[in-house]
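Engineer: Pasting a structure below so you can have a look.
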Amino acid sequence: HMVALYDATATMEIVSLVQRLKDHGVLDDVGGAAYLMDLAEGVATAANAAEYARIVREKATLRELIRAAGEILVDAHQSRQDPVITLGEAESRIFAIAQRREARAASTLRELLDETIRTLEQNEGKHVTGVPTGFDELDEMLSGLQRGEMIILAARPSMGKTAFALNMAENMAAASNGVAFFSLEMGKQQLVQRILCAKGGVDGQKLRKNMLSREEWRRIMGACEGLKNSPIFIDDTPGLTLLQMRSKARRMKEKHGIGAVVIDYLQLMSSGTRVESRQVEVSEISRGVKAMARELDVPVVCLSQLNRQAEGREGHRPRMSDLRESGSIEQDADVVMMLHREAYYHKQDPNWVEANQAKANVAEVIVAKQRNGPTGTVELLWDSSSTAFRNLVQHGSARGVEYAGRSDGGVDYGDLPG
């Protein structure tokens, strides 16, 4: 009768329904007019639909929490794995619920176009729209490190991966971008010493041997003063699993508002799960790092080793196929950069050094892949004594990482040597 009434009048209200049921002699069979009135009054109105939806959603979230808590309780009682892994899995369950609660719905093209135009207007006149690395030509090529992207920085050992990552971290922090630096290879003190040497232009060996001159000490103290408020957060926990790292990065994002993450380096990470091979594990880690970049909406710079193939190749120039242990790294990365210093392979050859003096301190950053931009090579100046990379400009002078000096009036920065 309700369907027939709606088909005939395109409306549905209680008075018409009562009359129709009475006309067909079935009003008493359904409970009478009073019962129908009670039913109508008990129906939720559309005016409160949003509030009802909120209540349903909140109760669903609580049910998910109860279920997750039960699973965590069972795991805690029965788990035979490392408690740290169990803790990470528990945190992931809770965070997954929070993510679903904040899940973004599909956007219409109109909404996306409006948002894109606003972003373009905000960036009008800016060549660097992402987080600046501090290296001018590299920033020009990449437009800075873009949010949500995974950037691979790969090289053979001793090419300066960590030094370059530290230089970038300092430059990003100087531009008011907090940086989370996960070091799985070196300890905090070693990293800080490297940062001080690069900033102060001091020979790292002399610092480690405590053989600094008075002037070098002044440079170190000036660098220290200049770095005290730098928003770089270093975590040197060895053997971090992917879950642990994502958890720590998430907390740093919430607490400190970090704008970038650096991982040194990918092959030292563990997936925290049992897998059939190391290659599969590295693939899982690579996908997880990419997911972390998307989740935190920050660029994640992940250092990676290259295999030995480049060393047997003429010119020793690395290729993306040299990425160690997994081809998925190349697929997952938005940007792949590779460091190359040809002089490294000829340091015991005086004839080569004599004939190639102009290349002796030159490092190449090979941008082998950029999902949304050009590829190419950027040349930088490499200072091996202070383990610092600097912008390479005409006539061999450099700028970028500063040499710091200290005077009674505070911190001042001296000129770079020619």
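Rule-based calculations on the coordinates, nothing more; no lab input. Predicted, not measured: the structure shown is a model, and the values here were computed from it. Don't worry about glycine lacking a Cβ; one is built from the backbone with ideal geometry, like all the others, and counts go over all protein chains shown.
Engineer: Test of understanding: ordering Ser158, Ser270 by Cβ neighbours within 10 Å, fewest first, what list do you get?
Structural biologist: Listing Ser158, Ser270 from fewest to most nearby Cβ atoms yields Ser158, Ser270.
Engineer: With an 8 Å cut-off on Cα pairs and a minimum separation of 6 or more residues, tell me the relative contact order of region 288-388 in percent.
Structural biologist: Worked out over region 288-388, it gives 19 percent.
Engineer: Counting other beta carbons within 10 Å of each residue's own, what order do Asp114, Asp29 fall into, fewest first?
Structural biologist: Placing the least packed residue first, the sequence is Asp29, Asp114.
Engineer: Filter Lys199/Lys253; Lys199/Lys369; Lys290/Lys369; Lys161/Lys248 down to the pairs with a C-alpha to C-alpha distance above 18 Å, please. It would help to have the intermediate numbers written out before the result.
Structural biologist: Details: Lys199/Lys253 26 Å; Lys199/Lys369 30 Å; Lys290/Lys369 15 Å; Lys161/Lys248 23 Å.
Result: Lys199/Lys253; Lys199/Lys369; Lys161/Lys248 exceed 18 Å.
Engineer: Can you compute the modelled spin-label distance between Leu62 and Gln19, with each label point 7 Å from Cα toward Cβ, in nm?
Structural biologist: Distance between the two pseudo-spin positions: 4.5 nm.
Engineer: Using the Cα centre of region 47-101 as origin and beta-carbon charges of +1 (Lys, Arg) and -1 (Asp, Glu), tell me which of Phe95, Ile72, Val56 is placed farthest towards the positive end of the dipole.
Structural biologist: It is Val56.
Engineer: At 0.36 nm per residue, minus the direct Cα-Cα distance, what do Ile94 and Ser385 gain on full extension? Give it in nm, one decimal, please.
Structural biologist: 100.0 nm
Engineer: Further, regarding this structure: Name the long-range amide H neighbours of Phe181: under 5 Å, sequence gap of 5 or more, or other chain; modelled H, no Pro or chain starts.
Structural biologist: Phe233, Ile234, Asp235, Val262
Engineer: Let me ask something else about it. Please say if region 218-322 is rounded, prolate or oblate, where rounded means a/c under 1.5 for a ≥ b ≥ c the square roots of the C-alpha gyration tensor eigenvalues, and otherwise the choice is prolate for a/b larger than b/c and oblate otherwise? Show your work: numbers first, answer last.
Structural biologist: On the way: a/c = 2.30, a/b = 1.24, b/c = 1.85.
It comes out oblate by the Cα gyration axes.
Engineer: Here's another thing I want to ask about it. Calculated FRET efficiency, Val84 and Leu112, Cβ-Cβ r, R0 41 Å, to nearest 0.05?
Structural biologist: My answer for the efficiency is 0.50.
Engineer: Right, here's the next one. What FRET efficiency comes out for the pair Val3/Tyr35, r = Cβ-Cβ distance, R0 = 25 Å, nearest 0.05?
Structural biologist: 0.80
Engineer: Within 10 Å of each residue's Cβ, count the other Cβ atoms and sort Arg194, Arg156, Arg287 from fewest upward.
Structural biologist: Arg287, Arg194, Arg156
Engineer: How far, in nm, would the chain grow between Asp75 and Glu225 when pulled straight, counting 0.36 nm per residue and subtracting the alpha carbon separation?
Structural biologist: This chain segment gains 49.2 nm when fully extended.
Engineer: What does the extension gain come out to for Asn210 and Lys255, with contour length at 0.36 nm per residue minus their alpha carbon separation?
Structural biologist: 12.5 nm
Engineer: Just add up the charged neighbours of Met186: K/R +1, D/E -1, any other residue whose Cβ is under 14 Å from the Cβ of Met186.
Structural biologist: The answer is 0.
Engineer: Once you place label points 7 Å from the Cα toward the Cβ at Gln267 and Gln331, how far apart are they in nm?
Structural biologist: 2.1 nm
Engineer: Compute the Cα gyration tensor for region 47-101, then decide on rounded, prolate or oblate, letting a ≥ b ≥ c be the square roots of its eigenvalues: rounded whenever a/c is under 1.5, prolate when a/b is larger than b/c in the other cases, and oblate in all that remain.
Structural biologist: It comes out prolate by the Cα gyration axes.
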